[in-house]
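Working notes, structure below.
Read-outs: derived from the displayed coordinates by stated rules, not from any lab. All of these numbers come straight from a predicted model, not from anything done at the bench. For neighbour counting, all protein chains shown are included, and Cβ atoms are generated from backbone atoms with ideal geometry for every residue, glycine included.
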Amino acid sequence: MLVNIGSKATLFALKIQLPIESILKKTVYDHFCGGNTLSEVKKVVEKFDVYGINVILNYGVEGKYTEDEFDKTAEALNTTLDYAIQNRNINTISCKPSGLISHDLLEKVTSRQELTNEEQKTYVRGIGRVRKLIEKAYINKVSVHLDAEETWIQGAIDEIALELSVEFNKDFPTVINGVQLYLKDKMNFLTHCLDHARRHKYISAVKLVRGHIWKRGEIELWK
């Protein structure tokens, strides 16, 4: 209850532009984030390297809407990947597919709605952004975690992850998909992932997600 109240109060304070960002950055932020820029992250990466700790770089932009925004996210992820390639203790980067592909189209594909010709072209272009990132990661032996998202778009993301795994996980776990084990159907999906990998002869790589911040409309999926 206290966490819920605190979260709402913080969001309200940010919305009305109260000067709390510096307070957040010096307290809660530092517990969860390595920095806002690669130059800030570099200090944390180097500190962890001293102790032999590997790092996952997470560029968590999500829910973008325009092609220009998707292209900018792709560019930022490419820069993130370049940084990972140059550092021995960064073997994985993480991204939100909805930062590269239309959220609305992911939802339509998940719900098995038919796309128009124009929507199909846009959707394929979005998958192309993901594929380009993963292809470069594969060449340089860096894994890409496709972070789990809202349940109503996750089905499309799962399909993309499986398709790219067939191509890029033959001898190295390039594609890592998120499996939301708090949902009632995901043990079956995990079994499907393993079976799919056996049939197509590739390495099945998944991140098992055990917890979640619930959003409206998702409770029934868990029951």
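Quick one: which residues, 5+ away or cross-chain, put their amide H under 5 Å from the amide H of residue 178? H built at 1.01 Å from N.
It is 146, 148, 207, by chain and number.
Checking the a/c ratio against 1.5 first, then a/b against b/c, what shape does the Cα gyration tensor give for the stretch 34-73?
Because a/c hits 1.5 or more and a/b exceeds b/c, the stretch 34-73 counts as prolate.
Using label points projected 7 Å from each Cα along Cα→Cβ, tell me how many nm separate residue 83 and residue 53, to one decimal.
Going from the residue 83 label point to the residue 53 one covers 1.7 nm.
Distance in nm between label sites at residue 172 and residue 61, each 7 Å beyond Cα in the beta-carbon direction?
2.5 nm
Once fully extended, how much extra length lies between residue 37 and residue 187, figured as 0.36 nm per residue of separation less the alpha-carbon to alpha-carbon distance?
Additional length available on full extension: 50.3 nm.
Within 10 Å, count the other beta carbons around each residue, average over each peptide in 157-167, 123-133, and list them highest first.
157-167, 123-133
Structure shown: which of 121/141; 72/136; 108/141; 43/170 lie over 27 Å apart, alpha-carbon to alpha-carbon?
121/141; 108/141; 43/170
Shape of the stretch 53-137 from its Cα gyration tensor (a ≥ b ≥ c, root eigenvalues): rounded if a/c is under 1.5, otherwise prolate when a/b > b/c, or oblate?
prolate
Give the separation of the Cα centroids, the stretch 96-123 to the stretch 181-211, in Å.
With the stretch 96-123 and the stretch 181-211 each reduced to a Cα centre, they are spaced 23 Å.
Compute the relative contact order of the stretch 88-142 as a whole-number percentage, counting only Cα pairs closer than 8 Å that sit 6 or more residues apart in sequence.
Taking the mean separation of contacting Cα pairs over the length of the stretch 88-142, I get 46 percent.
Checking the table 47/207; 64/201; 96/184 against a 30 Å threshold on Cα-Cα, which pairs fail?
With Cα atoms farther than 30 Å apart: 64/201.
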